[in-house]
Amino acid sequence: MRPLSNITQIAAAAGLIHEKLPQTYFLFAAPAEERDETYETEVRRVLREAGVADNARFVGPIPHYEMADYHRLADVTISIPSTDGTPMTVLESMACGTPVVVSDIPDYDPHYIEPGATVLAAKYDDTTSVAGTVLKLLQEPATAARLVAEARRRVEETGSYEAQMSHMERLYKELG
């Protein structure tokens, strides 16, 4: 819940999404150490102005052992920072079978985050782009399923605990 994450853009996009799919709910979660209260007040204002405050829920920190449940319950995960590496939230969503909308920035690891193959990308500073991309995933189950299948395959193949430990074992054997 800080400006870098462009949550106000997501809040504004929620209004456009709500116009098309009024039964849509939006969950905003942020660890306590990443919560900017002034910014959260701004996000809440944008939600009110967009007419979706009643369809938005804010939760505090989610214990790590509960994150997979939240990801699996979500229809879409939105992560649209203006700069980032390869966010764990995105990889966790992919592993849980949740389709993801990311920013159209070049910073991501293309093995995992490949627009059109594993995720859909939106312009982080364009509310209409964010809303349209989310709506595509919500309204086109075949597209969402195709992205989820490839994303999950890639994360399980090289990003899982088991895959990473096997990789470490190979590296140790090469050194020895």
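Annotations for the structure displayed:
- Test: D54 is under 12 Å from the mean Cα position of the chain (by Cα) and surrounded by fewer than 18 Cβ atoms within 10 Å (Cβ to Cβ): no
- Test result for S103, on the phi < 0 side of the Ramachandran plot and in contact (Cβ under 8 Å) with a residue 60 or more places away in the chain: yes
- Here P99 does not qualify as buried (at least 18 other Cβ atoms within 10 Å of the Cβ), at pLDDT below 95 and within 25 Å of A11 (Cα to Cα).
- Near pairs, Cβ below 9 angstrom, 6+ apart or cross-chain, from segment 54-65 (farther than 20 Å from R2 by Cβ) to any residue that is in a strand (DSSP E or B) and not basic (K, R): N55/F26
- Close Cβ contacts (under 8 Å, 6 or more residues apart or on different chains) running from residues in segment 68-81 that are among the charged types (D, E, K, R) to residues that are in a helix (DSSP H, G or I) and surrounded by fewer than 20 Cβ atoms within 10 Å (Cβ to Cβ) comprise D75/L138.
- The set of residues from segment 84-99 being in contact with a helix residue (DSSP H, G or I) (Cβ under 7 Å, 6 or more places away or on another chain) and either farther than 17 Å from E156 by Cβ or of a type in the set (S, T, N, Q) (or both) comprises S93, T98.
- Hits in segment 57-73 (condition: touching a Phe, Trp or Tyr at 6+ places or on another chain (Cβ under 9 Å) and surrounded by 12 or more Cβ atoms within 10 Å (Cβ to Cβ)): F58, I62
- Checking each residue in segment 137-176 for being over 22 Å from F26 (Cα atoms) and not in a helix (DSSP H, G or I) picks out S160, G176.
- Residues in segment 25-43 that are closer than 24 Å to H71 by Cβ and surrounded by 11 or more Cβ atoms within 10 Å (Cβ to Cβ): Y25, F26, L27, F28, A29, A30, E34, R35, D36, Y39, E40, V43.
- The helices (runs of 4 or more DSSP H) located wholly in segment 1-90 that include 3 or more residues which are among the charged types (D, E, K, R) and modelled with pLDDT of 95 or more occupy 37-50.
- Pick from segment 131-155, criterion over 19 Å from H71 (Cβ atoms) and of a type in the set (A, V, I, L, M), ranking: surrounded by the most Cβ atoms within 10 Å (Cβ to Cβ): A131
- Checking D107 against (1) at pLDDT 95 or above; (2) over 15 Å from K20 (Cβ atoms); (3) out of contact with any strand residue (DSSP E or B) (no Cβ under 6 Å at 6 or more places or on another chain), the condition it does not meet: (1)
- Of the set (1) in contact (Cβ under 8 Å) with a residue 40 or more places away in the chain; (2) surrounded by 16 or more Cβ atoms within 10 Å (Cβ to Cβ), all apply to H111 but (2).
- When residues in segment 114-131 are screened for being in a strand (DSSP E or B) and touching a residue at least 40 places away in the same chain (Cβ under 8 Å), 1 of them pass.
- Verdict on V134 being closer than 30 Å to P3 by Cα, touching a strand residue (DSSP E or B) at 6+ places or on another chain (Cβ under 7 Å) and not in a helix (DSSP H, G or I): no
The values are calculated or read from the model by the stated rules, or taken from the named source; none is laboratory data. Everything quoted here is computed from the prediction, not taken from an experiment. Neighbour counts run over all protein chains shown; Cβ positions are idealised from the backbone, glycine included.
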